[in-house]
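As structure tokens, the structure follows; a few thoughts come after it.
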Amino acid sequence: VLQNLSQTPILRELLKEAKMPGTAVKIESPELFMEPQLIKLDQPGPLTLAMYQFLTEMQETKKGVVTPKELFAQVCKKAIRFKGYQQQDSHELLRYLLDGMRAEE
């Protein structure tokens, strides 16, 4: 899941912009009838910051191995079910991760 998200350029760009409080992001819809939306972002929450740091580390690292320790800790705070390192479905992680980031908006 995290490897796939790391290869989503628009997500990386939005997270880069979102890490600075007070940033305004222009969202354009592919549909012609929708006007572009300008959204002012507040201070990002800890999960959003951890996601940004992790994706940045994945893109820039030369060491080959990246550990999502801080990101996982933030996910566990939002979704207790992930504590204890038990097997979970990847789609559940994706849902909790994105829902948790959206809740921090």
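Overview of values
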{"quantity": "Positive-pole candidate from Ala103, Ala73, Thr56, dipole of the chain, charges at beta carbon", "calculated": "Ala73"}
{"quantity": "Binned Cα-Cα distances of region 1-103, short to long, each 5 Å bin given as a whole percent", "calculated": "2, 11, 19, 22, 19, 14, 7, 4, 1, 0"}
{"quantity": "Accessible area in square angstrom per residue, the chain, 1.4 angstrom probe", "calculated": "73 Å²"}
{"quantity": "Leu41 long-range amide H proximity, modeled H, under 5 Å", "calculated": "Gly22, Thr23, Ala24, Val25"}
{"quantity": "Simple spin-label estimate for Lys83 and Met20 in nanometres, 7 Å along Cα-Cβ", "calculated": "3.7 nm"}
{"quantity": "Protein accessible area in the chain, 1.4 Å probe - carbon and sulfur %", "calculated": "54 percent"}
{"quantity": "Size of charge dipole - the chain - debye, nearest 20, with Cβ of Lys, Arg +1 and Asp, Glu -1, no other charges", "calculated": "500 debye"}
{"quantity": "Residues Glu28 and Cys76, FRET efficiency given R0 of 35 Å [Cβ-Cβ distance, rounded to 0.05]", "calculated": "0.50"}
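The values are calculated or read from the model by the stated rules, or taken from the named source; none is laboratory data. Please read all numbers here as calculations on a predicted model, not as lab measurements. Using ideal geometry, Cβ is built from the backbone for each residue, glycine included, and neighbour counts are taken over all protein chains shown. Accessible surface areas use protein heavy atoms only, side chains included; no ligands, DNA or RNA. Shrake-Rupley method; radii C 1.70, N 1.55, O 1.52, S 1.80 Å.
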